[in-house]
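The values are calculated or read from the model by the stated rules, or taken from the named source; none is laboratory data. Worth saying up front: this structure is predicted, and the values here are computed from it rather than measured. Methodologically, a virtual Cβ is constructed for each residue, glycine included, from the backbone with ideal geometry; neighbour enumeration extends over all protein chains shown. Note: areas computed on protein heavy atoms with side chains; ligands, DNA, RNA excluded. Shrake-Rupley method; radii C 1.70, N 1.55, O 1.52, S 1.80 Å.
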Amino acid sequence: MLVKTYAAAVQGISATMITIEVSASKGIQFFIVGLPDIAVRESHERIISALQVNGLKFPRSRIVINMAPADIRKEGSAYDLPLAIGILATDESNGMKTELLEQYLLMGELSLDGSLQPIKGALPIAIKAREEGFKGFILPHHNAREAAVVNNLDVYGAANIMEVIDFFCGKQTLTPTIVNTREEFYARQHQFDYDFSEVRGQESVKRALEVAAAGGHNIIMIGPPGSGKSMLAKRLPSILPPFSLQEALETTKIHSVAGKVEKNTSLLAQRPFRSPHHTISDVAMVGGGTFPQPGEISLAHNGVLFLDELPEFNRSVLEVLRQPLEDRRINISRARFAVDYPASFMLVASMNPCPCGYYNHPDRPCLCPPGTVQKYMNRISGPLLDRIDIQIEIVPVPFEKISEQQPAEPSAAVRERVIRAREIQNNRFAGCNTYCNAQMNSRQLHQYAVPDKEGLLQLKNAMLQFNLSARAYDRILKVARTIADLEGAENIRPPHLAEAINYRNLDRESWGS
């Protein structure tokens, strides 16, 4: 007897249909073909145990399983459920309605007692199931809300294999999981653990973060230990524009593939904030590996990638960021596979100004020998710094500011200004593949960020006075355009340029010398 069940394999952030063909004939043997990995082959023992514990017998037949298409490698334990159901369905005495199997896609890892364990990639698999015209998708109940985001598809969460068997035997029905996606999504968009109202002082830095959020600019903060760099960075997501449904869906797909979606969670409602340790490897940063997984830059898609103590990162790890910062995608090519992950993130970095941490400190002297500051800065390559629009120094907060009881401006007020500035940019770049000022190309820069004669003279004097590099020119204009948008100004004026010039600290020839 031949029975077919249906599953899916995740490649990149998309899914591919897998047809599991189970043939039973006379004999007592078990074969599984179709390029399965070790985890798939081991499913045989898990299935036997799960059936025995629940009072069922593994069919005493010669069973051959083919997982088609055979040229795609099948990885992981999520195929346990469709394999088990297919094997049981070959025995007509079990009473399974094989015609129902064609209408449902099945995924789930089996424990030895038959309970279903969570899987990775539930959301892209659900999207694929709807595209292929399946009536429903049966998976572990832990992933049900994640998959239920997809409309026009019945999603059933099961706790153990017996619920699935009884469903296909017609003995009981499963309750579909229904999620009011829009209601839940918008209800959780304004819930943050950190708020700018908790920050005392540092008004100039908060202003720089507001400009960075409004234009999508990358930013680096330089300051001594304890000056508040990490504290400020953690509050940046609270002033970023809220997710659109499309952005939330795309970001959730990436986290789903990586297995980072929390239990009983549907769509991500807040922009991701990823903060990897400086010991991270190249592969963990960009993605890939033996079993391809998204890296930190893709997990930060549509959100923030925060690199604390930037010079402490391995040089090769920092260099792999250069291409994704420009292309906003990462293509991983290996001998056996090639995957493409989105990586449109906002880079936020922080660092001490020198090894001892007190260069340019107003009160404490720097103990580093001559030349050490510049050597420390050279750990970060010029091409990477070239992609960071805003470079700002932080000084410690004086006691008078720390002891203030009056709360500072809340994140909600700053966020409103950022949203208004982003709306201006959305209208400006309508129809283009550009979403914020930081992504402007040269043509758009000359069209939308042209200063007047007074502004050009001011910019020329600044470049001569501070000996700014040529690469700083475009960055200053982009940031000035964002500052003008925050004010609602149509044209870039000298005050906008003056503020933007002030955000190029590390480009000044005198810095660190």
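Looking at (1) in contact with a Gly (Cβ under 6 Å, 6 or more places away or on another chain); (2) open to solvent by less than 10 Å² (accessible area, probe 1.4 Å), can you tell me which one V53 breaks?
(2)
Kindly indicate the residue of the range 78-103 that is assigned to a helix (DSSP H, G or I) and without any contact (Cβ under 8 Å) to a residue 40 or more places away in the chain and also farthest from V257 (Cα to Cα) among those meeting that condition. Lay out the reasoning, then the answer.
Step one: of the range 78-103, the residues assigned to a helix (DSSP H, G or I) are 80-89, 92-94, 98-101.
Now restrict to residues that are without any contact (Cβ under 8 Å) to a residue 40 or more places away in the chain: 80, 93, 99.
Values: D80: 18, S93: 38, E99: 30 Å.
Checked the range 78-103; the qualifying residue farthest from V257 (Cα to Cα) is S93.
Any residue at all in the range 26-41 that's of a type in the set (G, A, S), out of contact with any His (no Cβ under 6 Å at 6 or more places or on another chain), part of a strand (DSSP E or B) and within 30 Å of I254 (Cα to Cα)? Quick ask: steps written out before the conclusion?
Just the residues of the range 26-41 that are of a type in the set (G, A, S), to begin with: 27, 34, 39.
Okay, now just the ones that are also out of contact with any His (no Cβ under 6 Å at 6 or more places or on another chain), so 27, 34, 39.
Filter again for part of a strand (DSSP E or B), leaving none.
Checked against the condition, which is being of a type in the set (G, A, S), out of contact with any His (no Cβ under 6 Å at 6 or more places or on another chain), part of a strand (DSSP E or B) and within 30 Å of I254 (Cα to Cα), the range 26-41 yields no hits at all.
In the range 9-25, how many are over 18 Å from L88 (Cβ atoms) and of a type outside the set (A, V, I, L, M)? Please lay out each step first, then the result.
Going residue by residue through the range 9-25, those that are over 18 Å from L88 (Cβ atoms) are 9-18.
When the remaining residues are screened for being of a type outside the set (A, V, I, L, M), the result is 11-12, 14, 16.
Selection size over the range 9-25: 4.
Say we look at the range 267-304 and pick out the residues that are small (G, A, S) and more than 18 Å from E319 (Cα to Cα); which of these is surrounded by the most Cβ atoms within 10 Å (Cβ to Cβ)?
Initial filter on the range 267-304 (small (G, A, S)): 269, 275, 281, 284, 287-289, 295, 298, 300, 303.
Narrowing further to those that are more than 18 Å from E319 (Cα to Cα): 269, 289, 303.
Working: A269: 18, G289: 12, G303: 22.
Step by step, filter the range 267-304, then rank; the result is G303.
So, in the range 401-423, how many residues would count as being aliphatic (A, V, I, L, M), modelled with pLDDT of 95 or more and open to solvent by 50 Å² or more (accessible area, probe 1.4 Å)?
Number satisfying all stated conditions: 1.
Out of everything in the range 490-503 that is over 19 Å from E203 (Cβ atoms) and not in a helix (DSSP H, G or I), what residue ends up being least open to solvent (accessible area, probe 1.4 Å)?
I492
Taking the residues in the range 286-301 that are over 16 Å from D340 (Cβ atoms) and in contact (Cβ under 8 Å) with a residue 12 or more places away in the chain as candidates, determine which candidate is nearest to the chain's Cα centre (by Cα).
We begin by selecting, within the range 286-301, every residue over 16 Å from D340 (Cβ atoms); these are 290-291, 296, 300.
Still in the list and also in contact (Cβ under 8 Å) with a residue 12 or more places away in the chain: 291, 296, 300.
On the way: F291: 18, E296: 7, A300: 3 Å.
By that ranking, first place goes to A300.
Name every residue in the range 225-242 that is open to solvent by less than 10 Å² (accessible area, probe 1.4 Å) and under 18 Å from Y358 (Cα atoms), in order of residue number. First the steps, then the outcome.
Here is the first cut: in the range 225-242, the ones open to solvent by less than 10 Å² (accessible area, probe 1.4 Å) are 227, 232-233, 236, 238-240.
Answer for the range 225-242, where residues must be open to solvent by less than 10 Å² (accessible area, probe 1.4 Å) and under 18 Å from Y358 (Cα atoms): just S227.
Under 6 Å between Cβ atoms, at least 6 apart or on separate chains: pull out the pairs that start in the range 188-210 with a residue that is under 15 Å from A412 (Cβ atoms) and open to solvent by 20 Å² or more (accessible area, probe 1.4 Å) and end on any residue that is part of a loop (DSSP other than H, G, I, E, B) and modelled with pLDDT under 85.
If the second residue must be part of a loop (DSSP other than H, G, I, E, B) and modelled with pLDDT under 85, the pairs left are S197/P407; S197/A408.
Would you mind telling me which numbered condition in (1) in a strand (DSSP E or B); (2) crowded, with 20+ Cβ neighbours inside 10 Å I125 fails?
It fails just one condition, (1).
Going by the conditions given, is I20 out of contact with any Lys or Arg (no Cβ under 8 Å at 6 or more places or on another chain), of a type outside the set (S, T, Y) and open to solvent by less than 60 Å² (accessible area, probe 1.4 Å)?
On the way: out of contact with any Lys or Arg (no Cβ under 8 Å at 6 or more places or on another chain): no; of a type outside the set (S, T, Y): yes; open to solvent by less than 60 Å² (accessible area, probe 1.4 Å): yes.
Taking the combined requirement at face value, the residue does not satisfy it.
Would you list the helices (runs of 4 or more DSSP H) that sit entirely within the range 348-467 and hold 1 or more residues that are over 31 Å from the mean Cα position of the chain (by Cα)? Full working, then the answer.
Values: elements: 372-377, 382-386, 399-402, 411-428, 442-448, 453-465.
Fully inside the range 348-467 and qualifying: 372-377, 399-402, 442-448, 453-465.
Among the residues of the range 101-109, is there at least one that is closer than 30 Å to L267 by Cβ, open to solvent by 30 Å² or more (accessible area, probe 1.4 Å) and more than 30 Å from the chain's Cα centre (by Cα)?
So far as the range 101-109 goes, yes, one or more of its residues are closer than 30 Å to L267 by Cβ, open to solvent by 30 Å² or more (accessible area, probe 1.4 Å) and more than 30 Å from the chain's Cα centre (by Cα).
Conditions (1) touching a residue at least 24 places away in the same chain (Cβ under 8 Å); (2) open to solvent by less than 50 Å² (accessible area, probe 1.4 Å); (3) among the small types (G, A, S), marked per residue:
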position: P311; (1), (2), (3): yes, yes, no
position: V317; (1), (2), (3): yes, yes, no
position: N331; (1), (2), (3): no, no, no
position: A335; (1), (2), (3): no, no, yes
position: P342; (1), (2), (3): yes, yes, no
position: V348; (1), (2), (3): yes, yes, no
position: N352; (1), (2), (3): yes, yes, no
position: P362; (1), (2), (3): yes, no, no
